[in-house]
Protein chains: 2
Amino acid sequence: MQAEIIAVGTELLLGQIVNTNATFLAQELANLGIDVYYQSVVGDNRERLRAQLQLADQRSDLIVLCGGLGPTEDDLTKQIVAEHVGETLIQDPLGYQKLLDYEKAQNQKLTQNNFLQTLILTNSQALQNPTGLAVGIFYTTKDSQKSYLLLPGPPKELKPMFRQVARPILKQQFPEANQLYSRVLRFYGIGESRLVTDLADLIATQENPTLAPYAKENEVTLRLTVKTTDESLAKTLLDELEQKIQLRVGQYFYGYGEENTLVKVVVELLKEKGQRVTAAESLTAGAFQRSLGELPGVSSVFPGGFVTYSAQTKIDFLQIDPSLIAEHGTVSQACVEAMASQSLKLAKTDYALAFTGVAGPDELEGQAVGSFWIGLATKEEVTSQFYRVAGQREKIQSRAVMAGLDLLRKELIK
Amino acid sequence: MQAEIIAVGTELLLGQIVNTNATFLAQELANLGIDVYYQSVVGDNRERLRAQLQLADQRSDLIVLCGGLGPTEDDLTKQIVAEHVGETLIQDPLGYQKLLDYEKAQNQKLTQNNFLQTLILTNSQALQNPTGLAVGIFYTTKDSQKSYLLLPGPPKELKPMFRQVARPILKQQFPEANQLYSRVLRFYGIGESRLVTDLADLIATQENPTLAPYAKENEVTLRLTVKTTDESLAKTLLDELEQKIQLRVGQYFYGYGEENTLVKVVVELLKEKGQRVTAAESLTAGAFQRSLGELPGVSSVFPGGFVTYSAQTKIDFLQIDPSLIAEHGTVSQACVEAMASQSLKLAKTDYALAFTGVAGPDELEGQAVGSFWIGLATKEEVTSQFYRVAGQREKIQSRAVMAGLDLLRKELIK
C-alpha cells in the first residue's frame with residue numbers, strides 16, 4: 001500500500017505560496033498507516049499533469065491530488081483525471097444545490113464557470129466541502145487497483161474536507177493500514193552525529209519499532225514508531241526500546257513529545273515547585289526572557305528581569321561595583337556571578353540566570369567570538385560556567401539561551 | 001532552460017517539517033529567469049532517489065537537490081548523484097579545514113562520520129557553507145547538457161549558501177538569467193489585500209516591469225522586475241513604476257531590499273543620528289530588545305533595558321509609583337507612559353519604548369486579549385498609542401514589536 005501526493009498549482013512552482021497541504025496530508029496519511037513515498041508539485045498544465053498521473057500509476061496505489069478544483073480556466077485537475085481514468089464529468093446534485101443556495105444567499109447571479117466546481121467523475125464518490133463550494137472526489141478504478149483522492153487547494157477547505165469526509169473513507173477503504181504508535185524523545189547537549197554513533201546498533205537493527213533521529217536547532221529528537229494493531233503491545237515495545245536508549249544517552253534526555261521544548265519543561269518544573277526565575281542578559285539581549293515570555297501563563301514563575309548590554313547598564317541597573325568591571329572585564333566569571341546575584345536580589349526570585357559573552361562579529365576584551373559565561377544564582381549560592389561555541393551571532397545567542405535553560409533544569413531536578 | 005527541485009528527506013514525506021526550501025528555491029530561480037516545471041520530494045532511500053534522478057534527467061536541464069548532505073547514514077544525496085553521473089567522491093580541502101577548525105574551537109573530538117559532510121564529486125565545484133559544515137556542490141556533465149546543484153537541507157544553511165555562493169554561479173552558467181533586474185519595496189502597516197486594491201490597475205496592466213506582492217509576517221513586500229539587457233533602461237523603468245507606487249502607498253513604505261527588516265532600518269537611523277534607545281517591556285517580555293540584540297554592532301545604539309512583566313517589577317525596577325498602578329492598572333496609558341519615561345531616565349538614552357498589554361490567553365484587568373499600549377519617550381516628551389489586534393499570543397507580541405519599531409522610525413525621520 002503506497003501513496004503519493006500531487007499538488008497542482010503554478011503559484012507553488014513560482015514559490016508564491018508554501019506547500020503546507022503536502023505536509024498536512026503527509027502527516028494525516030502517516031497517522032493512518034499509509035506510506036507516502038513521493039510528493040510532487042506540477043503547474044496548471046495539461047500535459048505535465050497527465051505525465052505526472054502516468055508516472056504515479058506506475059508506483060502508487062493511492063494518488064492524492066490537491067488543487068485545481070476551482071472555477072477558473074486554469075483549474076484542470078478534474079478534467080485531466082477524468083480523461084486519465086476514462087470517465088466523464090457529471091454534476092453532483094448536492095454540490096449543485098449548495099451552489100444555488102449560495103447564489104441565493106449572496107443575492108447575486110453567479111457566472112457560469114462557478115458550476116464547474118460541482119462536477120464529479122462518473123462512478124465516483126462526491127466529497128462535500130464543509131467550508132467552500134468545490135466538491136472533492138474519491139474514485140477507485142473498476143479493477144480496484146488504483147484510487148484517486150481529489151481535494152481542493154485552499155488549506156481552509158482541504159483540511160476540513162480531509163478530516164470530516166475523506167479520512168473516514170480511507171479508513172474503510174484501506175483496513176489493512178496498521179495503526180501507528182509513536183513516541184518522541186528530546187535531547188539537549190548531544191549532537192545528532194554523536195547520538196547516532198552511540199545508538200548505531202539500535203538504528204542498524206531497527207525494524208519494529210523504528211528509530212529515527214532528527215537534528216533540530218540546538219537539540220536532537222528521536223522518534224520511536226511501532227506498527228501494530230495491539231495498543232498494549234505497542235506500549236511494551238516502545239518502553240523496551242526507550243529503556244535501552246535511556247541507558248546510553250539518558251543524561252541528555254529532557255522530555256517527551258513533538259511539541260515540547262526545553263523552555264516548556266523548565267517553566268513546568270518552576271510551576272510545580274512554586275518558584276520563580278529572573279535574568280540579567282548581556283550577550284543574549286533579552287532572548288532568554290523572550291523565550292519565557294512566549295509561553296502563556298508564565299507570569300507566575302517570571303516577574304521580569306534586566307537587559308544589561310553595556311557595561312554602564314550593568315552598573316546602573318544591577319548596582320554592580322564599577323571597580324569589579326574595571327578589574328575583571330564584563331566577560332568574566334566575577335561579572336557574570338555579580339549579575340546573577342544582583343538580579344536575584346533585585347527581582348526577589350528563587351533563581352537568576354546571567355549571560356555575558358562575545359556574540360560577534362568582533363572579539364571583545366581580548367576574548368574570541370563564541371566565548372561566554374552563564375551564571376546561576378540561587379538563594380544559597382551562585383555558580384557559573386564558561387562556554388565556547390562555534391557559529392554566528394544568532395547561533396551563539398540561541399546556544400546560550402539553551403545552555404542557560406539546561407543549567408536551570410538540572411538545578412531544578414537536583 | 002528548464003529546472004526542477006528535488007527535496008530529499010523522509011521527514012518531509014512524513015509531514016514532520018514543511019518544505020519551505022522548495023518555496024525559497026522556486027522564488028529565487030524565478031527571479032533568475034529560470035523556469036521551474038516540477039518540484040518533488042523523495043525519502044532518504046537509494047532506489048527512489050536514483051529513479052527520481054533518472055526521471056529528472058528526461059525533463060530538466062538544471063536539477064536542484066536539497067537535503068541529505070549531513071553526516072548520518074541516511075544522508076545519501078552526494079553518493080547517489082555521484083553514482084548517477086559517474087563520478088566519485090573526494091574531500092574538499094576548504095571544507096575539511098573548516099571542520100578541523102570547528103573541532104578545535106569546540107574543543108571536542110568529532111566523530112568520523114562528520115567528515116562525510118565535506119565530500120564533493122570529482123570534477124565538481126565545491127560550494128562553501130557560510131553557516132554550517134556541509135559543503136554544497138555544483139556539477140555540470142561533460143557534455144554540458146545537465147547541471148546538478150546540491151544544497152544542504154536546513155534552511156539556515158541553504159539560504160545563505162544559495163544567495164552568497166550558488167546564485168552567482170547560476171547567473172554565470174545561465175546567462176539568460178542576467179536579463180532580470182528587480183527591486184523590492186517593503187511596507188509596514190498596510191495589509192496585502194488593501195495594497196493590491198490600491199495598486200489594482202498597475203497590477204492588471206503589468207507587463208514589463210512586472211509587479212508581484214508578497215504577504216510576509218506583519219508586512220508586505222512588492223517585487224518590481226524588468227526583463228531587459230539594458231541596465232540603465234531597467235533603472236529608468238523601475239524608477240518610473242516605483243514613483244507611481246510611492247504616490248499611492250508611500251506612507252507605508254519603510255525600506256528596500258529582500259533581506260531588509262524594520263529593525264535594521266531603525267538601527268541604521270539611530271546610528272546615523274548617533275542616538276540611543278532603551279525599552280521597558282511587559283507585554284513583549286524582551287522580544288523588542290531581542291530584535292535589536294540580533295543585529296551585530298547594536299551596542300552603540302542600545303545599552304540595555306528592562307523586562308517588567310509583573311506589576312512589582314514595574315515598581316521595583318522602574319521606580320513607578322505603586323499608587324499609579326493601583327489607580328490605573330498596568331494596561332493603561334498612565335502606566336505605559338511612566339514605563340517609557342522612567343526607563344529613559346534610568347538608561348540615559350535619547351528614546352525609550354514601553355510595551356504593556358494583554359498577550360493572552362486570558363484577559364487582564366478587564367481588557368481583551370490583543371489590547372495593548374505602546375509608549376515612546378524622548379528627552380522632550382512622552383507619547384503613547386493604544387492598539388487592538390487579533391490573533392494569538394505570539395502574533396500579538398510580534399505585532400507589538402513591529403508597531404513599536406514603526407513608532408520609533410517615524411519619530412526618527414520626523
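How many Å² of accessible area per residue for the protein assembly as shown, probe 1.4 Å?
Counting only protein heavy atoms, the per-residue value for the protein assembly as shown is 42 Å².
Just flag the GluC sites (Glu not before Pro) in segment B:254-329 sitting in loop per DSSP whose Cβ has no more than 13 other Cβ atoms within 10 Å.
Of the GluC sites (Glu not before Pro), the ones in loops of segment B:254-329 whose Cβ has at most 13 other Cβ atoms within 10 Å are B:Glu259.
Distances from B:Asn123 to the same residue in each other copy, label points 7 Å out along Cα→Cβ, in nm, shortest first?
5.0
Springs between alpha-carbon atoms under 10 Å, Gaussian network over chain B: tell me which of B:Tyr351, B:Tyr102, B:Tyr254 tops the mean-square fluctuations.
Looking only at B:Tyr351, B:Tyr102, B:Tyr254, the largest GNM fluctuation is found for B:Tyr102.
What is the calculated FRET efficiency for B:Arg194 to B:Lys227, with r their C-beta to C-beta distance and R₀ = 25 Å, to the nearest 0.05?
0.35
Treating only the Cβ of Lys, Arg, Asp and Glu as charged (+1, +1, -1, -1), what charge dipole size does segment B:34-133 show about its Cα centre? Round to the nearest 20 debye. Kindly include the intermediate steps, with their values, before the conclusion.
Details: 8 positive and 13 negative charges, 35 e Å.
Using Cβ point charges on Lys, Arg, Asp and Glu, segment B:34-133 gives about 180 debye.
In whole percent, how big is the carbon plus sulfur part of the accessible area of chain A, probe 1.4 Å, protein atoms only?
That share works out to 48 percent.
Report, in degrees rounded to the nearest 10, the 0 to 90 angle that the Cα long axis of helix A:333-347 makes with the longest principal axis of chain A.
That works out to roughly 80 degrees.
GNM, chain A, Cα, under 10 Å: largest mean-square fluctuation among A:Leu270, A:Leu195, A:Leu55?
Highest fluctuation of the listed residues: A:Leu55.
Give the residue list of chymotrypsin sites (Phe, Trp or Tyr not before Pro) in segment B:6-92 that are DSSP loop and have at most 10 other beta-carbon atoms within 10 angstrom.
Passing sites in segment B:6-92 do not exist.
Could you compute Rg(Cα) / (2.2 N^0.38 Å) for chain A, with N its residue count?
So chain A has a normalised radius of gyration of 1.31.
If you take each beta carbon of peptide A:25-37 and count the beta carbons of other chains within 10 angstrom, what is the mean? Can you show the working numbers first?
Values: counts 1, 10, 3, 1, 3, 4, 2, 0, 0, 0, 3, 7, 7.
Mean partner shielding for this stretch: 3.
At 20 °C and 1.002 mPa s, what whole-number value in µm²/s does Stokes-Einstein give for the translational diffusion of segment A:2-173, with Rh from the Kirkwood sum over Cα pairs?
Numbers: Rh = 16.1 Å.
In µm²/s, the coefficient rounds to 133.
Let me know the volume per residue of the alpha-carbon convex hull for the protein assembly as shown, in Å³. Can you show the working numbers first?
Details: hull volume 155.2 nm³, N = 828.
Roughly 187 Å³ of hull volume per residue.
Which whole-number percent of Cα pairs in segment B:26-95 have a distance greater than 14 Å?
65 percent
Taking every pair of alpha-carbon atoms in segment B:134-287, give the share separated by more than 26 Å as a whole percent.
Of the Cα pairs, 47 percent sit more than 26 Å apart.
Calculate how steeply helix B:393-412 sits against the longest principal axis of the alpha-carbon atoms of chain B, using the helix alpha-carbon long axis, and give the answer as 0 to 90 degrees to the nearest 10.
Once rounded, the angle reads 70 degrees.
What value, in deg cm²/dmol to 500, does the helix sum -39500 (n - 2.57) over DSSP H runs of n ≥ 4 give at 222 nm once divided by the residues of the protein assembly as shown?
-12000 deg cm²/dmol
Would you kindly work out, in nm and rounded to one decimal, the distances from the label point of B:Gly366 to those of the same position in each other copy, ordered shortest first, with label points 7 Å along Cα-to-Cβ?
Copy-to-copy label distances at B:Gly366, shortest first: 6.1 nm.
Determine, from the Cβ-Cβ distance of B:Gln58 and A:Gln243 and an R0 of 45 Å, the FRET efficiency 1/(1 + (r/R0)^6), rounded to the nearest 0.05. Don't skip to the answer; put the middle values down first.
On the way: r = 49 Å, r/R0 = 1.09.
The pair B:Gln58/A:Gln243 has a calculated efficiency of 0.35.
Over all Cα pairs of segment A:124-182, how is the pair count split among 10 Å bins, expressed in % and running from 0 up to the last occupied bin?
22, 48, 26, 4
Just to confirm the filter: which GluC sites (Glu not before Pro) across segment B:100-209 are DSSP coil and have at most 10 other Cβ within 10 angstrom of their Cβ?
Those that pass, being in a loop and sparsely packed, are B:Glu207.
Across segment B:302-414, how large is the tail of the calculated P(r) beyond 23 Å, expressed as a percent of all Cα pairs?
Tail fraction, whole percent: 24.
Treat each spin label as a single point 7 Å out from the Cα along the C-beta direction, and report the A:Ala326 to A:Asn107 distance in nm.
Going from the A:Ala326 label point to the A:Asn107 one covers 8.1 nm.
Shortest first, in nm, what separates the label point of A:Glu207 from those of the same position in the other copies (7 Å along Cα→Cβ)?
Relative to the other copies, A:Glu207 has label-point distances of 6.7 nm.
Take every DSSP beta bridge whose two residues both sit in the protein assembly as shown, then give the antiparallel share in percent to the nearest 5. Walk me through the intermediate numbers first.
Working: 96 of 144 bridges.
Restricted to the protein assembly as shown, the bridges split so that about 65 percent are antiparallel.
For a quick check, take a GNM of chain B with Cα springs below 10 Å and name the residue from B:Thr228, B:Thr383, B:Thr284 with the largest mean-square fluctuation.
B:Thr383
With the contact rule set at Cα under 8 Å and sequence spacing of 6 or more, what percent relative contact order holds for chain A?
Relative contact order of chain A: 10 percent.
Chains A and B: buried accessible surface, both sides, probe 1.4 Å, rounded to 100 Å²?
5700 Å²
Against the longest principal axis of chain B, how steep is helix B:231-249, in degrees 0 to 90 to the nearest 10, with axes from Cα atoms?
30 degrees
Under a point spin-label approximation (7 Å from Cα along Cα-to-Cβ), what is the B:Glu73-B:Ile315 distance to one decimal in nm?
6.2 nm
Could you work out, residue by residue across A:6-16, how many beta carbons of other chains sit within 10 Å of that residue's beta carbon, and then give the average as an integer?
Taking all residues of A:6-16 together, the mean is 5.
The values are calculated or read from the model by the stated rules, or taken from the named source; none is laboratory data. From a predicted model like this one, the values you see are computed outputs, not experimental measurements. Neighbour counts run over all protein chains shown; Cβ positions are idealised from the backbone, glycine included. Areas reflect the complete protein model, heavy atoms only, side chains present, ligands, DNA and RNA absent. Shrake-Rupley method; radii C 1.70, N 1.55, O 1.52, S 1.80 Å.
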